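This report refers to the structure that appears directly beneath it.
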Amino acid sequence: MPHIKRLDIEALRKDFPALQQQHQGQPVIFMDGPGGAQVANSTLQAMEGYLGRYNSNLGGAFFSSQITTDLMSKARYYAATLVNAEHPENMAFGANMTSLTFSLSRAIAREWKAGDEVVVTRLDHYANVSSWQQAAQDKGCIVHQIDVEPETCDLNYQQLASVINEKTKLVAVTYASNTTGTIVDVKRVTELAHKVGAKVFVDAVHYAPHHLIDAQELRCDFLVCSAYKFFGPHVGMMYIHPEWLHRLEPYKVEPAINIGPGRYETGTQSFEALSGMVACIEHLAALGDEELSLREKLEQSFGAYSAHEQQLSEVFLQHLNKMPEVTCYGHTNLESISQRTPTFALKIKGVDSGEMAKFLAKKNICVWSGHFYAIGLLEQLNCSEDGGLLRVGLMHYNTENEIAVFFDELKLGIKELT
Ligand SMILES: Cc1ncc(COP(=O)(O)O)c(C=O)c1O
């Protein structure tokens, strides 16, 4: 395991043009990472480079088509390395996580029959709930939705263990909540599900920008991410376990290719986005020592990102502890900080979250309010009223100084809005 490096935050921020800009004459603070991260220069250049010179399609004899075909292979290799898939062939691409999940749910549900059971969770974005609920409804299957522990927003693993049974066909679970930042013990979920032969589908969209994924270690059957959440363009990627690559029957246009990951892809891919995704994974790996493999470089780089993010979480929670009028859902103890990403779901006593988001927007502080499609979670926490939650999502390009400015403005906002 390569040693962990320290993040040179000022140098890193210079790579991101969005972080250098001013809006209406004032600096901007991006704390909206869980909705979409900012993008480095090299990623922008890669996209422009592809579109500007080689815009084409797969399989032609001429140079730009051959470059496009090579790009596709390279994209599979980079995506596979990012999630530690067995082979580049185990990675498929699509418009986004939601589209990939809907189309896979149709392929998987072909094998379901009335009375089969499916498990989803309240911690999940509904892209990983509705898709399975609707496929289950089409087939007359039963859906169980697992609650969270109210104190920590951890998944209720006991409830999960109690509902999984011989009829369970699939467990769909998030790797980390896009609302509270809670990290799920996916290995524990796969162990429970595989005992009864159920497949496990993991939504790693929120986890991917914060920690390095290892699909083989998780032993999951499918795993999805979206590059725009990990500093890349808008494109989705899906890991398919070797066991399923050729066993399932995805819906396909005739006579489109029906071998390898292309079976799970529809239409023409966004090659410019794949080009950007490759560059963004390269940028993510850039802190790694020269002699290392791409995967090792990613390990070393993510070590630095995670350490910096943990420090940001500590600082954020220390500020928060001085504000009893603000409730933060999820892990708030410094001891359990490794069980969360730096994404904070806040509710301020007597303040509408939407109004607070607007107040902060006037100060160029970008945060989201609402439900973030985590409908089940907001329902259980009873937080849907008054603009839902205020979500502050930090990324490794954020700084302690930005957190201090955020809290100063939050306090002013509370004064103005109460
Ligand atoms: C945890 C999580 N899952 C899934 C999605 C949906 O991803 P996409 O926009 O790629 O369909 C999001 C988007 O916000 C998300 O945060």
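Things worth noting here:
- Hey, L160 under 20 Å from T343 (Cβ atoms), touching a residue at least 24 places away in the same chain (Cβ under 8 Å) and hydrophobic (A, V, I, L, M, F, W, C) or not: no
- All helices (runs of 4 or more DSSP H) inside region 262-363 with 2 or more residues being touching a strand residue (DSSP E or B) at 6+ places or on another chain (Cβ under 6 Å) and basic (K, R): none
- The condition of being farther than 22 Å from S313 by Cβ and either among the charged types (D, E, K, R) or modelled with pLDDT of 95 or more (or both) holds for only one of E379, E335, that being E379.
- The residues listed here are T101, T69; of these, the one that is among the polar types (S, T, N, Q) and under 22 Å from the mean Cα position of the chain (by Cα) is T101.
- Beta carbons closer than 8 Å, at least 6 apart along the sequence or on distinct chains, pair a first residue in region 55-73 that is in a helix (DSSP H, G or I) with a second that is among the aliphatic types (A, V, I, L, M) for S65/L58; T68/L58; T69/L58; L71/L274; L71/V278; M72/L58; M72/L274.
- Of all residues in region 407-418, those satisfying the criterion of being surrounded by fewer than 22 Cβ atoms within 10 Å (Cβ to Cβ), in contact with a strand residue (DSSP E or B) (Cβ under 9 Å, 6 or more places away or on another chain) and assigned to a helix (DSSP H, G or I) are E409, I414, L417.
- For region 19-45, taking the residues that are within 16 Å of the ligand (Cβ to nearest atom) and either part of a strand (DSSP E or B) or free of Cβ contacts under 8 Å to residues at least 12 places away in the same chain (or both), the one that is farthest from the chain's Cα centre (by Cα) is identified as F30.
- Here A374 does not fit the description of being farther than 28 Å from D147 by Cα and small (G, A, S).
- Residue, nearest to the ligand (Cβ to nearest atom), within region 358-382, restricted to residues that are among the aliphatic types (A, V, I, L, M), within 25 Å of V205 (Cα to Cα) and buried (at least 18 other Cβ atoms within 10 Å of the Cβ): A374
Residue by residue, here is whether (1) acidic (D, E); (2) over 15 Å from S270 (Cβ atoms); (3) crowded, with 22+ Cβ neighbours inside 10 Å; (4) modelled with pLDDT under 95 holds:
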| residue | (1), (2), (3), (4) |
| --- | --- |
| F30 | no, yes, yes, no |
| N41 | no, yes, no, no |
| A46 | no, no, yes, no |
| A61 | no, yes, no, no |
| D116 | yes, yes, no, no |
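- Qualifying residue in region 288-302 (condition: at pLDDT 95 or above, closer than 29 Å to R6 by Cα, buried (at least 20 other Cβ atoms within 10 Å of the Cβ) and within 16 Å of the chain's Cα centre (by Cα)): yes
- Check on R391, within 16 Å of the ligand (Cβ to nearest atom), of a type in the set (K, R), surrounded by 22 or more Cβ atoms within 10 Å (Cβ to Cβ) and farther than 30 Å from A85 by Cα: yes
- Any chance C220 is closer than 18 Å to H87 by Cβ, within 16 Å of the ligand (Cβ to nearest atom), of a type in the set (A, V, I, L, M, F, W, C) and in a loop (DSSP other than H, G, I, E, B): yes
- Taking the listed residues H206, H246, the one that is of a type outside the set (K, R), assigned to a loop (DSSP other than H, G, I, E, B) and within 13 Å of the chain's Cα centre (by Cα) is H206, with no other qualifying.
The values are calculated or read from the model by the stated rules, or taken from the named source; none is laboratory data. Computed from a prediction, not measured in an experiment: that's the story for all the values here. For neighbour counting, all protein chains shown are included, and Cβ atoms are generated from backbone atoms with ideal geometry for every residue, glycine included.
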